[in-house]
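Below is one structure, written out as structure tokens, with a few remarks after it.
Each reported figure results from applying straightforward, stated rules to the coordinates on display, with no laboratory input. No experiment lies behind these values; they were computed from the predicted model shown. Ideal geometry is used to build each Cβ from the backbone, glycine not excepted, and the neighbour counts take in all protein chains shown.
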Amino acid sequence: MPHIERTAHVGWDGNLARGAGAIDAGSGAFAQLPYSLPSRVGEPGGKTSPEELLAAAHGGCITMSMAGELTAAGTPPGRLDTSCTIVMDEVEGQGHQIVGSRVEIVARVDGVDDATLQMILARAHADCPFSRLLERAGAQVSVSARLA
């Protein structure tokens, strides 16, 4: 895989408690995604958070990895539906930290039994750069997959 760089621009106005910001993708894929402290620690209210964006990134990465592994095995998926939940919590002496990521995949794929799906999931997880990054950072990463 080639060297990859991607950029996002973040603007913030005001203090932490009452301020707000917006996130733009350098690619133009999204613009002005609003976020704030209240949307980060409470009800989102239509705004995003860094943790939600990390969940999207991890979920997107492992889904692509799973599609690649299934395709390499000669059984390309019809559809993969992935849910990823990032968990942030207070860690004593370290403040708030990302402590976990839970990934659940529902796979619509012909010619694969559950045992094969689990083997492919293990390879997809091992090959996913976001899974490896989170694990190196000490987060508990759990992945599961089931056939639709």
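With helices defined as uninterrupted DSSP H runs, which ones in the chain have an alpha carbon span along their own long axis of at least 27 Å and mean Kyte-Doolittle hydropathy of at least 0.0?
50-72
Going by how many other Cβ atoms sit within 10 Å of their own, how do Val112, Val87 line up, fewest first?
Exposure proxy ranking, most exposed first: Val87, Val112.
Where the centre of each part is set by its Cα atoms, how far does segment 13-31 sit from segment 83-148, in angstrom?
27
Give me Met66, Met119, Met88 sorted ascending by neighbouring Cβ count inside 10 Å, so fewest comes first.
In increasing order of surrounding Cβ atoms, one gets Met119, Met88, Met66.
From the phi angles alone, apply the Karplus equation (6.51, -1.76, 1.60; θ = phi - 60°) to segment 30-41 and give each ³J(HN,Hα) in whole Hz, x where the residue is Gly or Pro.
For segment 30-41, the Karplus-derived couplings read 8, 9, 6, 6, x, 8, 7, 4, x, 6, 7, 9 Hz, x marking Gly and Pro.
Out of Gln32, Gln94, Gln118, any idea which swings most in a Gaussian network model of the chain, alpha carbons joined below 10 Å?
Taking springs between Cα atoms under 10 Å, the residue moving most is Gln94.
If you take every DSSP beta bridge whose two residues both sit in the chain, what share of them, in percent to the nearest 5, is antiparallel?
70
How big is the charge dipole of the chain about its Cα centre, in debye rounded to the nearest 20, if each Lys and Arg gets +1 on its Cβ and each Asp and Glu gets -1 on its Cβ?
That gives the chain a dipole magnitude of about 180 debye.
So how long is each side of segment 1-82 along the principal axes, counting just the alpha-carbon atoms, biggest first, in Å?
Per principal axis, max minus min of the Cα coordinates gives 53, 29, 15 Å.
Mind ranking 50-60, 130-140 by how tightly packed they are, going by the mean number of other C-beta atoms within 10 angstrom, highest first?
Ranked from most to least packed, the peptides come out as 50-60, 130-140.
If amide H atoms are built 1.01 Å from N in the plane of the peptide, which residues on other chains or at least 5 residues away come under 5 Å of the amide H of Val99?
Val87, Met88, Asp89
Among (1) 18.2; (2) 17.0; (3) 15.4, only one was calculated for this model; which label is it, if the read-out is Kirkwood radius over Cα pairs in Å?
Computing Kirkwood radius over Cα pairs in Å and matching it to (1) 18.2; (2) 17.0; (3) 15.4 gives (2).
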